[in-house]
Amino acid sequence: MIGSRDGHLPVRIDDSGSSPGTANGWSSSRRWAVRLALVAGAVLTAALGFGYVGFASGLVAREPMTVSRTDAIVVVTGGAQRIGDAIGLLGAERGSRLLISGVNEKTSREELAKLNPASRELLGCCVDLDYRARNTIGNAIEARRWVRRHEFRSMLLVTSNYHMPRALAEFSHAMPGVRVVPHPVVTDQIDTAGWWNDWRTVKILVPEYAKYLVARLRSVLEDDPETSRLSVIIGGRKPVSPKPASLLGPENEKRTRLGIGARGA
């Protein structure tokens, strides 16, 4: 035949390994996957956005006028007003004993008494200082140990209003059998009532909302905060100092120095 010596027409062989139909099928699948990912991302973003609005708008803008009486009071450090309010609640007999959790190792009982001179007697008889807690999870762990040691069944939790949702989640998770009553502290420095138009407030609330979500997720995935691996990963260290409580605080440092001096003499 014309154009071929051996009587056969030339045949073009396609060695690409795929047919046009298969390529179009993969392309269509990718487009659907991208669309699905975009839709899922949009839904997640919307959910987080609505969740943040609910979180921010649900923060208490005023301190409670009436406070119920509980067995004990726990205040989480982070502001001078928190401690002052907690000591005031102790003086008003809203609890029989107060734990100040997360105290700086350099802060002594005497320094707290100078800041609250009218409460010096209360600080001497009915207040315990916790130097071991490093974060909110640690606050909950140390508070649980303290509550169990004194056999308390209810406690008043004192912290800032924007920190209260996360603190309440951590404390309730650590002590499911203890009645935890929130007492939010409101300051003029953070305007949570106008959270949508104050950039300083937004910078505080957005990270706090993220931490709150992580706390809620941890409470679902982990049973005991003392054995939490996520808390170590997230915080970069254990939530509670490995040092014994008896070796922490300025009073212990003073005793240690005196002991060393006596042995040297």
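The values are calculated or read from the model by the stated rules, or taken from the named source; none is laboratory data. Computed from a predicted model, the values in this text were never measured in an experiment. A quick note on method: Cβ atoms are made from the backbone with ideal geometry, for glycine too, and the neighbour counts reach across all protein chains shown. The area values use the complete protein model at the heavy-atom level, side chains included, leaving out ligands, DNA and RNA. Shrake-Rupley method; radii C 1.70, N 1.55, O 1.52, S 1.80 Å.
Any residue at all in the range 136-150 that is surrounded by fewer than 17 Cβ atoms within 10 Å (Cβ to Cβ), assigned to a helix (DSSP H, G or I) and not basic (Lys, Arg)? Yes, that holds for at least one residue.
Taken over the range 63-82, residues that are open to solvent by 40 Å² or more (accessible area, probe 1.4 Å) and touching a residue at least 40 places away in the same chain (Cβ under 8 Å) amount to 6. Across the range 66-80, what is the total count of residues that are modelled with pLDDT of 85 or more and either touching a Phe, Trp or Tyr at 6+ places or on another chain (Cβ under 6 Å) or in a loop (DSSP other than H, G, I, E, B) (or both)? Summing the residues that are modelled with pLDDT of 85 or more and either touching a Phe, Trp or Tyr at 6+ places or on another chain (Cβ under 6 Å) or in a loop (DSSP other than H, G, I, E, B) (or both) in the range 66-80 gives 9. Scan the range 23-62 for residues that are open to solvent by less than 60 Å² (accessible area, probe 1.4 Å), within 30 Å of VAL178 (Cα to Cα) and either at pLDDT below 80 or touching a helix residue (DSSP H, G or I) at 6+ places or on another chain (Cβ under 9 Å) (or both) and jot them down. Hits for the range 23-62 are GLY51, TYR52, PHE55, ALA56, GLY58, LEU59, ALA61. Among the criteria (1) at pLDDT 90 or above; (2) open to solvent by less than 30 Å² (accessible area, probe 1.4 Å); (3) not in a loop (DSSP other than H, G, I, E, B), the one LEU129 does not fulfil is (2).
Would you check if GLU111 is open to solvent by 40 Å² or more (accessible area, probe 1.4 Å), charged (D, E, K, R) and part of a helix (DSSP H, G or I)? Yes; evaluated as a whole, the condition is true for this residue.
Quick grid of which residues meet (1) open to solvent by less than 70 Å² (accessible area, probe 1.4 Å); (2) farther than 20 Å from LEU89 by Cβ:
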{"position": "ARG153", "(1), (2)": "no, no"}
{"position": "MET164", "(1), (2)": "yes, no"}
{"position": "VAL186", "(1), (2)": "yes, no"}
{"position": "SER228", "(1), (2)": "yes, yes"}
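Of the residues examined, ARG94 is not one that is touching an Asp or Glu at 6+ places or on another chain (Cβ under 9 Å), closer than 30 Å to ARG145 by Cβ and modelled with pLDDT of 85 or more. Among the conditions (1) at pLDDT below 85; (2) in contact with a Lys or Arg (Cβ under 9 Å, 6 or more places away or on another chain); (3) not hydrophobic (A, V, I, L, M, F, W, C), ASP188 misses just one, which is (2).
Taking the range 188-223 as the range and being assigned to a loop (DSSP other than H, G, I, E, B), open to solvent by 50 Å² or more (accessible area, probe 1.4 Å) and either over 28 Å from ARG153 (Cβ atoms) or touching a Leu at 6+ places or on another chain (Cβ under 8 Å) (or both) as the test, the residues that pass are ASP188, GLN189, ASP191, TRP196, ASN197.
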